[in-house]
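For reference, the structure discussed in these notes is given below.
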Ligand code: PLP
């Protein structure tokens, strides 16, 4: 097979129209990529083209537009399936995003979880991988347990091994922490969980855009992510599930599309994936995520990772030189996310001042309040890098932080 030539990253920034603007009179420096990535023209154009030429409702329509919209929707499912190496495209369910995917699982598993069963999550989870399980526990009487981490922001894997038991019914872990940047040893976590027949759920919201994901190799039961964090649109997300478990669990929303036959007495559900996609789906969103996957596939992913990490290492080295800064999240295996606090200054104040210099970072608890409690801080300043950032932007960030500290100290 002929190898496809992957594009290099030079000029990649030119493909992102939003980056070419001034904020407060300064060039925009967008370092909030963990919250949401910006969109390349290819994704914007795919959505525009879909609405200008192909839009109609999907499935069962006999007219040409409906056939075209269905083909576009299902071909995106195929792309997602290949992207995570799913054995079959029907194991890819389109959702609104990672949060929606986790809610779908937690809402659908009720019949498999019993009183006193244990559900394990880690201390670094996003609220969307905490609250749905708390609610499932309320409904079923199951018990939520938290795998601890060390000060570097790494899971205490020995403690985890001690916690897993025959009572463990589900283990749900973030692949890459949005706050700490830690890349978790999910292979080991999944293997251990499987030895107790526990269901495994991997929150890939941050990982899917930065790491190669192979769900067959991982052998997890569920893997989830959001379109908007992989250069795609908002409002579209992915739930990959193993076929047997998807067939065992009930749908959690009901209506059109998800049925095979309806009478006033009873309803039979549709096959996968439609059983979990009630109502008219986000067709344009699916087209957009398909285009974002094409975009990612056109790039050399190893090169992307190396480049992002070179920005991370540059920024980290320079931040560590600033005396009053404490880095939060020092795992030896991490991605291009840096969280930090400045002694005596609230993260929001830093964020507000550096915005005056055109720099967009996220400040606050990053939807990980229990993690903030662990570190005893109200929040952090978080800079997260993507392929369109550059080293000059790292220097602008450092200068702006130094200025903010001077003004606020
Ligand atoms: N999990 C992680 C690790 C995240 O970073 C996020 C979003 O920041 C989510 C889950 C929720 O994703 P979404 O808001 O797209 O549903």
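The values are calculated or read from the model by the stated rules, or taken from the named source; none is laboratory data. Only a predicted model underlies this, so the values are computations on that prediction, with no experimental measurement involved. Reconstructed Cβ throughout: ideal geometry from the backbone, glycine too, with neighbour counts over all protein chains shown.
As an exercise: evaluate residue 139 against (1) within 16 Å of the ligand (Cβ to nearest atom); (2) surrounded by fewer than 17 Cβ atoms within 10 Å (Cβ to Cβ); (3) touching a residue at least 24 places away in the same chain (Cβ under 8 Å) and give the number of the one condition it does not meet.
Failing condition for residue 139: (1).
Only residues that are in contact with a strand residue (DSSP E or B) (Cβ under 7 Å, 6 or more places away or on another chain) and either crowded, with 22+ Cβ neighbours inside 10 Å or free of Cβ contacts under 8 Å to residues at least 60 places away in the same chain (or both): list them for region 283-299, please.
Scanning region 283-299 gives a single hit, 286.
Is it fair to say residue 56 is more than 13 Å from residue 387 (Cα to Cα) and in a loop (DSSP other than H, G, I, E, B)?
yes
I need the full set of residues from region 202-239 which are within 11 Å of the ligand (Cβ to nearest atom) and within 24 Å of residue 156 (Cα to Cα), in order please.
Passing the criteria: 202, 203, 204, 205, 206, 207, 208, 224.
Specify which of the listed residues (85, 116, 111) is modelled with pLDDT under 95, away from the ligand (no atom under 16 Å from the Cβ) and over 14 Å from the mean Cα position of the chain (by Cα).
After ruling out the rest, the residue left standing is 111.
Hey, residue 147 hits all of (1) closer than 22 Å to residue 383 by Cα; (2) within 16 Å of the ligand (Cβ to nearest atom) but one; which does it fall short on?
(1)
Among the residues of region 254-268, count how many are modelled with pLDDT of 95 or more and surrounded by 17 or more Cβ atoms within 10 Å (Cβ to Cβ).
0
Does residue 131 meet the test of being within 15 Å of the ligand (Cβ to nearest atom) and without any contact (Cβ under 8 Å) to a residue 24 or more places away in the chain?
yes
Just give me the residues in region 151-166 being over 23 Å from the mean Cα position of the chain (by Cα) and surrounded by fewer than 16 Cβ atoms within 10 Å (Cβ to Cβ), in sequence order.
Hits for region 151-166 are 151, 158, 159, 161, 162, 165, 166.
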